[in-house]
Structures are given as C-alpha cells and as structure tokens.
There are 2 protein chains.
Amino acid sequence: MLRKLLPLGLLLLAANASPQVLPASADPAVMTGFPPPPAKRVTRKTQVDAANLHWTLTHMRILLPSIAIRRGPQATEELPIGRSIDLPAFEDIDGTLVRPEEWLLRTHSDALLIMHDGKIIFEGYVADMDPAEPHTMQSMTKSFTGLLAGMLIDEGRIDPQKPISFYVPELAGSAWGKATVQQTLDMRAAVRYDEDIKNSNSDVRRYYGVAAGLFPPPEGYDGPLSIYELLERLPQDGAHGKGFIYKSVHPEAIAWVISRVTGQSPAKLISERIWQPLGMTADAYVTVDPAGIAMMGGGMSATARDLARFGEMLRQRGRHGPRQIVPARVTDRLFSASARTALAVPDGSWALPGYGYHDFWWLPPEGDIIEAHGGFGQHLHINRRARTVIVKFSSAPIGPEYDLAKRLDTLAFRKIDAAF
Amino acid sequence: MLRKLLPLGLLLLAANASPQVLPASADPAVMTGFPPPPAKRVTRKTQVDAANLHWTLTHMRILLPSIAIRRGPQATEELPIGRSIDLPAFEDIDGTLVRPEEWLLRTHSDALLIMHDGKIIFEGYVADMDPAEPHTMQSMTKSFTGLLAGMLIDEGRIDPQKPISFYVPELAGSAWGKATVQQTLDMRAAVRYDEDIKNSNSDVRRYYGVAAGLFPPPEGYDGPLSIYELLERLPQDGAHGKGFIYKSVHPEAIAWVISRVTGQSPAKLISERIWQPLGMTADAYVTVDPAGIAMMGGGMSATARDLARFGEMLRQRGRHGPRQIVPARVTDRLFSASARTALAVPDGSWALPGYGYHDFWWLPPEGDIIEAHGGFGQHLHINRRARTVIVKFSSAPIGPEYDLAKRLDTLAFRKIDAAF
C-alpha cells in the first residue's frame with residue numbers, strides 16, 4: 001500500500017493523469033478483514049464516532065438502506081485532463097501561513113478534485129479511497145433538492161409563492177402550513193426546530209437522525225419514525241420570511257413537494273435529469289428513511305468526478321456539450337450578485353462573513369460563485385469568473401476542528417481561484 | 001398504467017423488441033405514494049408477508065444495506081433481439097394442460113426472459129417492474145459463489161480437497177473444521193443446522209435471517225449477529241461426504257474462504273471478473289450482514305437481462321465475444337453428464353426427480369443443462385443442446401403454492417426447450 005510508504009504529510013504531486021495520494025490520518029484497520037474484528041466494526045450506533053467517521057462517510061450504503069441514482073446504459077464520458085498545478089499555500093485569517101499538506105491533513109481530507117476551464121488540473125484521494133465509490137455528500141444533497149425545485153419552478157409546475165401545504169395538505173397544521181415554497185427554499189420559513197449539531201439534546205440529534213433512519217431509535221424513543229411524520233409535527237415559530245436559520249427539515253419539505261408534484265422520487269428525477277445526460281462515472285445513491293423515502297436534506301453519495309462534472313455543467317449555464325441540462329435562467333439566478341445581496345445571511349452562518357443563501361445554495365460575497373457545503377467537510381465550489389470547479393470530500397469530526405476545517409477549506413478555494 | 005387496462009390473465013404478445021406486460025397479481029398500493037400510507041408500508045419485519053413480497057423482492061436495497069457489484073465505466077452492450085415466440089402450453093405431471101397465462105399467474109411471475117442462440121425471443125415484466133432495477137436472486141446467489149470458487153480452484157488458489165479450516169482457522173471448531181471445500185460446495189458437509197424454511201422455529205428462520213441482517217433481532221434474541229459468528233457456532237453432525245442436504249450456510253463458508261484467499265469481497269470479485277467484462281445493463285448488489293459482509297447464500301439482486309447475459313456466457317463455455325470470462329474447464333465440469341451422475345441428490349431435493357447438485361448449481365437429469373434456483377421462484381436455466389437461456393423472477397409465497405410454482409416453472413422450461 002502506497003500510504004504505508006509515505007510519511008504523514010507528504011503529498012505526491014505527479015504531472016500525469018493518475019490521481020494523487022493525499023495524506024491520510026484515519027485508522028486503516030476500521031472495517032477491514034473478513035470479517036472485521038469486533039473492535040474495528042462500525043454500526044449504525046457508532047458510525048459517527050471519530051475513529052469510524054472516515055469509513056462511514058465512504059461506505060454509507062453498507063450501513064444504511066439506499067435508493068439508486070442510476071447513470072443509465074451509456075459509457076462514462078471521460079473528463080479532459082489539463083496541466084496539473086501545485087496546490088498553493090494560503091493565509092489563515094490571522095495571517096498564519098497554511099501549507100497545502102497541512103491544509104489537507106488538518107481538514108481530514110478524503111478527496112480533492114480541481115477543474116479549470118473544464119479540465120482536471122488536480123485530483124487526489126487518500127490511499128484507501130476508491131475514486132469510483134460514492135462518498136457521502138451530507139448537506140450538499142440540499143443543493144440538489146434546491147436545483148430540482150428551481151427547475152420545476154422554471155417549468156411552471158411549482159409556484160414559489162404558494163404555501164407548501166398547497167402541494168402537501170398533510171403539512172397544513174405544521175410550520176409549512178403558511179410558509180411559501182420560496183421562504184422554505186431560502187431557509188426563511190419559521191419552524192420550531194433546533195438544529196444545533198453539537199448539542200446531543202437538540203431536535204436534529206434527537207429526532208431527525210432517527211426519523212431519517214440514520215440511527216436506531218434509542219430506548220424509550222417515542223418520536224417520529226419517518227421524515228414526513230417529523231415534518232408534520234413541527235409547529236410554526238414566529239413570522240415567515242424574516243431571518244435565515246439553517247434547518248435541514250426545509251429541504252425535506254421541498255422534497256415532499258417535488259415528489260407530490262412529479263409523482264417521482266427525487267432519486268429518479270436526478271437520475272433522469274442530471275445523472276444520465278451527464279455521462280457520469282458511477283451510480284450515485286441516497287439513503288432512505290424507514291418509509292423508503294429518500295433523505296434529501298443530507299442522504300446523497302456520489303463520486304468526486306461526478307460532482308465535478310455536475311459543477312462544470314452549472315458553470316456552463318446549465319449546458320453540457322450541445323444539451324441544455326438545467327435552464328440558464330435557473331443557474332443565472334444562483335450566480336447573480338443581486339441574489340446574494342437580497343438574500344444575505346447573518347455573519348457566522350458560514351465560516352467566513354458576507355454570504356447569501358438561496359435555493360439551498362451558499363452564495364459567497366465575491367459574486368459569480370456558488371457553493372454547496374455538507375457536514376464533516378464536503379464541498380462543491382463553482383467560480384464563473386475564475387472558471388474553476390472544486391470538489392472536496394473530508395471526514396472532519398464535528399467540533400472545533402470542524403469549524404477550523406470549514407474556514408481553511410473556504411480560504412483554500414479562494415486562493416486556488418486567485419491563480420486564474 | 002397499462003396493467004389497469006388489461007384483464008388479469010391476458011398476455012400481450014408483441015412482435016417487436018419492447019418488453020411485454022405480464023399478468024400481475026400483487027397489490028399495486030404497497031409502498032406507493034409519498035409517503036406510502038402506513039398500512040401499505042413494508043418494513044424489515046413485514047417484508048416477507050404475502051402482500052409485501054412482490055415489492056420486497058423488487059426493492060431489497062430500500063430495506064437493507066447493500067454493497068455494489070459495479071458494471072464499470074463502459075456502455076451497456078445491447079442484447080440482440082430474435083424473432084419472438086408464443087409461450088407454449090404444457091402438461092403438469094398429472095397430465096393437466098397449463099396455459100402460459102395460467103403458468104405466469106399461478107407462479108406469481110415478475111419477469112421472464114428467454115434467449116435462443118444468443119438472441120432475446122421473449123421478454124416480459126409485470127407492469128410495475130422497471131427492467132433496469134435489480135430483482136432479488138435469493139439462492140441463485142449461491143451459484144455465483146460456486147462459480148467464483150470454481151475459478152479460484154482452476155487457478156490453483158483454492159485446493160478443493162483441503163478442509164475449509166485450512167483457509168479459515170476460525171472455523172476449526174465448527175462443522176467445517178474437517179469438511180473439505182468440495183464437500184461444502186456440493187452440500188455434503190455434515191452440519192447440525194436445520195434449513196426447514198416452512199418451520200418458523202427452524203435454525204434458518206431463527207438464526208440465519210437475523211445473522212445475515214435480513215430481520216431485526218426478536219425480543220430476547222441471544223443468537224449470532226453476523227453470518228460468520230453463526231458459522232463458528234455450528235457443530236459437525238455425522239460424517240462428511242455422504243448425503244446431500246441443502247443448507248444455505250455452506251455457500252457462506254465458501255464465501256469466507258474466497259475472501260480470505262483473495263483479500264476481496266465477493267462483490268468486488270464478481271464486478272471485476274463477470275459484471276465489468278460482460279457489458280452489463282446495471283450495477284447489481286448484495287445485501288450485507290451487520291459486520292458489512294456480503295450475504296453470498298442469498299443476498300444478490302440483478303436485472304433479468306444481466307442474468308441472461310451471464311447465462312449466455314456460461315452456455316458459450318465461458319466466452320463472451322473474443323474474451324474468455326470463465327475457463328471452459330470450469331463450465332464443462334458443470335454441464336457434464338458424469339458430474340450429474342456422480343453427484344445425484346435424493347428425489348424431492350428439487351421439484352422434479354433425477355437431479356444432481358455440484359458447486360452450488362442444480363444439474364437436471366437430461367444433462368447439458370444447468371440451473372440456478374432461488375427462493376420465491378427465481379430461476380436461471382441454461383441448456384446447451386437447445387441453445388436456450390431462461391431467466392425467471394417471481395414472488396411466490398413459501399408454502400404449497402411455492403411447491404407448485406417450482407414444479408410448473410421447471411416443466412415450462414423443459415417445454416420451451418423442446419421447441420429447439
């Protein structure tokens with residue numbers, strides 16, 4: 001194994017098309033062997049323990065039931081390879097210089113893929129990661145939910161000014177009884193639901209994880225056992241359309257609208273509208289809740305190459321070769337500076353200040369950039385001006401390290417863009 | 001929906017390449033809707049209830065964790081279409097005439113695909129089945145396990161005369177401590193383990209289902225929680241190498257040997273050695289146990305077209321176009337009449353008399369034929385003399401109906417062959 005030959009922190013920078021080997025810190029014994037020794041076994045209960053996180057995030061479907069996002073019968077379209085770059089050093093906000101190896105190690109990186117002008121200029125994975133095996137996207141899933149909604153709005157099949165309950169009457173008595181589709185897409189619908197991921201007693205930790213099927217119900221649990229049951233129980237809390245508060249239940253409500261309007265699972269829609277036309281490398285998948293419903297607030301897994309291909313299509317105003325995959329109206333609205341200004345979110349919502357948030361996408365202050373972010377350090381960064389697309393997968397445990405990782409990743413992306 | 005327009009029992013026989021619509025009897029409301037109504041929801045506990053069986057067998061990965069058998073980056077190779085046939089009527093053993101619509105309905109058919117001389121001459125699915133979505137294979141999985149073992153034996157990496165415990169020392173104290181690889185492959189290793197699928201108190205129902213992760217552990221369960229733990233606990237029962245008794249734990253023991261020898265999951269081996277070179281339509285998958293180990297006694301799901309393609313390769317002595325996928329030595333041994341005679345099993349082991357069993361394949365009395373069979377009516381029938389390959393998926397509930405279905409299916413395949 002190459003990893004064993006490399007001192008920690010050393011980064012191979014090859015000039016050819018082979019993916020590079022990123023420095024790894026995860027325990028290589030977790031879930032290896034036939035069978036893995038009991039002490040190194042990952043279960044639904046222990047999946048997010050720090051020692052297990054890397055394996056979990058690279059093998060979600062071995063832990064949880066899932067539904068396929070099929071790539072269809074055609075061959076994979078190879079991504080063009082450009083001249084490879086050296087990763088730059090960059091400054092942290094206090095001026096400290098962060099060298100690239102340090103960045104990759106401290107953010108618990110699993111994969112990094114950088115495209116410029118539609119060509120791969122950097123691609124690296126930790127040694128135990130199979131580039132063809134989907135990695136969890138966590139909340140980057142939300143951005144797919146938002147994009148699907150944007151497409152259906154553009155087609156006139158969803159009216160963004162209608163309340164969610166117009167499409168899903170089951171939610172009439174909940175926070176979404178009066179919240180509009182657009183307020184929900186921008187996380188400005190007011191719902192009594194506490195998404196403090198660090199607090200084990202928060203609603204997100206106590207209910208969402210169980211309702212979505214991620215965790216087994218704890219002893220004496222009397223909460224909802226499916227995502228939609230959870231949504232039905234969440235009451236309104238204040239006035240809709242005011243402040244932004246990040247809550248993973250909003251994309252689940254939007255996914256319900258999408259399925260009700262189309263009669264399809266989002267997994268099937270993403271397959272037909274995005275995965276099949278883009279010539280993806282691999283089937284992606286979404287984990288499902290106990291009712292068999294796709295978890296569209298965070299359940300998707302995909303390969304880095306496929307996310308890069310997806311990002312490149314968005315950078316090209318929704319085009320892939322001769323085909324318009326997503327209407328340019330939908331992508332333009334995301335990249336426009338006016339959206340960012342109109343939908344500014346409080347500083348602290350993301351690791352760096354000045355962001356907006358729209359249709360489940362993060363809008364950085366520079367404009368011309370959109371970002372999807374997911375828990376434990378999953379990122380898709382698309383910059384129209386620099387003509388870059390950056391995908392990063394990581395296994396950063398929630399806590400102070402994760403806050404640092406979010407900041408370093410965001411700063412690194414800006415520095416990479418600055419070269420173009 | 002086409003099914004709604006068709007009176008039950010009517011079969012569309014189209015002369016073109018579109019799959020035909022088979023008569024359906026399953027409840028179309030099960031697991032439909034977003035979310036499905038609670039009364040129509042399938043859980044791990046209720047998955048094999050008669051009303052749920054059809055949905056379960058067509059959607060295993062939505063209920064259970066799984067590992068992919070990837071088809072790789074290439075395009076699907078289209079199967080050639082031949083002149084379509086009318087399905088024949090045939091006689092039951094008491095001389096009663098069985099019309100084809102009656103056969104398909106009474107055996108709870110989900111899919112039927114017939115190839116002759118490498119071309120599809122019949123292809124039909126019940127209306128709610130997506131031909132590109134894998135269907136469970138149940139014990140047809142065993143035949144893949146046996147084929148992998150046969151290939152590794154041919155390569156000299158496994159010695160069929162060595163005891164299983166030579167490769168897996170963990171099994172030294174179990175039935176497989178002294179049983180050889182070949183005795184295990186032929187289900188002639190003597191293990192105290194009761195595989196009476198109809199008896200809810202049998203070992204297979206009480207332990208194997210829980211250990212393999214199919215069913216949640218019942219209240220007070222103190223049995224094994226992974227397949228290999230179950231194997232370690234099963235003692236020898238009499239002399240090895242004598243009578244044939246069908247037991248699903250044997251392929252699990254062989255799969256353990258395969259993984260120990262290759263350092264790979266069978267899922268990966270099947271992908272690299274079979275799925276990728278054959279240009280399959282879809283990723284297949286295997287469900288996994290709580291330790292993440294593929295259930296090689298019954299966990300695979302695949303599409304009918306991909307199983308037909310696999311069967312056609314075996315019919316062609318392991319060749320697919322210019323490539324030798326499986327050594328001809330391995331396939332010839334399965335099809336040889338001498339193997340059938342030497343490895344004859346008691347009448348009653350299969351629905352019709354005169355069978356042999358070898359390397360987890362069923363060997364019908366006629367010779368030149370091999371069959372893989374799986375619970376609830378999954379079949380792959382390959383006839384070298386008639387140059388046919390038949391795949392059938394069904395959802396026949398275990399019980400007298402299932403015994404009837406096994407017999408009717410076997411008789412139907414013979415009648416279809418008789419035309420060539």
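Quick notes on this structure:
- Spatial separation of Cα centroids for segment B:79-148 and segment A:76-151, in angstrom: 46 Å
- Protection proxy ranking, peptides B:299-306, A:396-403, average beta carbon neighbours within 10 Å, highest first: B:299-306, A:396-403
- Annotation: for a label point projected 7 angstrom from Cα along Cα→Cβ of A:Glu102, residues of segment A:405-420 with backbone N closer than 13 Å are A:408.
- Dipole of the protein assembly as shown, positive end: most advanced residue of A:Pro251, A:Leu314, A:Pro266 [Cβ charges, Cα centre]: A:Leu314
- Electrostatic dipole magnitude of segment B:112-167 [Cβ: Lys, Arg +1; Asp, Glu -1; Cα centre; debye, to 20]: 320 debye
- Across the copies of the chain, B:Pro38 has label points (7 Å from Cα along Cα→Cβ) spaced 3.7 nm apart, shortest distance listed first.
- For segment A:152-293, the relative contact order works out to 27 percent when only alpha carbon pairs closer than 8 Å and six or more residues apart are counted.
- Virtual paramagnetic centre 7 Å along Cα→Cβ of A:Ile85, amide N under 11 Å, in segment A:386-404: A:386-390
- Taking all Cα pairs closer than 8 Å and separated by 6 or more residues, the relative contact order of segment A:87-149 comes to 16 percent.
- For the peptide A:24-36, the mean number of other protein chain Cβ atoms found within 10 angstrom of a residue's Cβ is 3.
- Each Cα pair under 8 Å and six or more residues apart adds its sequence gap; the mean of these over the residue count of chain A is a relative contact order of 22 percent.
- Measuring r between the beta carbons of B:Glu401 and B:Thr43 and using R0 = 22 Å, the FRET efficiency lands at 0.40.
- Computed from the C-alpha gyration tensor, the three semi-axes of the ellipsoid equivalent to segment B:97-170 are 38, 15, 13 Å, from longest to shortest.
- B:Asp194 long-range amide H proximity, modeled H, under 5 Å: B:Asp203, B:Val204
- With 18 Å as the limit, the listed pairs B:Lys119/B:Lys392; B:Lys198/B:Lys247; A:Lys119/A:Lys142; B:Lys178/B:Lys242; A:Lys40/A:Lys392; A:Lys40/B:Lys45 have A:Lys119/A:Lys142; A:Lys40/A:Lys392; A:Lys40/B:Lys45 beyond it between alpha carbons.
- Sparse-neighbourhood loop sites, GluC sites (Glu not before Pro) in segment B:105-190 - DSSP loop, at most 15 other Cβ within 10 angstrom: B:Glu155
- Model label zone, A:Ala342; criterion: amide N under 18 Å from point 7 Å along Cα-to-beta-carbon; scope segment A:137-176: A:146-147, A:149-156, A:158-163
- For A:Arg407, label point 7 Å along C-beta direction: distances to other copies, nm: 7.7
- Of the residues B:Leu148, B:Val168, B:Val126, the one whose Cα sits farthest towards the positive end of the charge dipole of segment B:69-207 is B:Val168 (charges of +1 on Lys and Arg Cβ, -1 on Asp and Glu Cβ, taken about the Cα centre).
- Relative frequency of Cα-Cα separations exceeding 53 Å in the protein assembly as shown, percent: 14 percent
- Summed residue charge, Cβ within 13 Å of A:Tyr402's Cβ, Lys/Arg positive, Asp/Glu negative: +1
- Amide H to amide H distances under 5 Å link B:Gly356 with B:Val345, B:Leu363, where only residues 5 or more positions off or on other chains count and H is placed in the peptide plane.
- Placing a label point 7 Å from Cα along the Cα-to-Cβ axis, B:Glu91 is separated from the same position in the other copies by 9.4 nm, shortest listed first.
- Overall, segment A:199-287 carries a charge dipole of about 280 debye about its Cα centre when +1 sits on the Cβ of Lys and Arg and -1 on the Cβ of Asp and Glu, all other atoms neutral.
- Spin-label model, B:Ala29 to B:Asp237: label points 7 Å out along the Cα-to-beta-carbon direction sit 4.3 nm apart.
- Residues B:Leu352, A:Leu214, ranked from the fewest to the most other C-beta atoms within 10 Å, line up as B:Leu352, A:Leu214.
- The shape of segment A:310-364 can be summarised by an equivalent ellipsoid whose semi-axes, obtained from the alpha carbon gyration tensor, come to 25, 11, 7 Å from longest to shortest.
- Net charge dipole size for chain B [Lys, Arg +1 and Asp, Glu -1 on Cβ; Debye, nearest 20]: 700 debye
Values quoted throughout were computed directly from the atomic coordinates according to the rules given, and no laboratory measurement underlies them. Given the structure is predicted, the values throughout are model-derived calculations rather than measurements. Backbone-built Cβ (ideal geometry, glycine too); neighbour counts: all protein chains shown.
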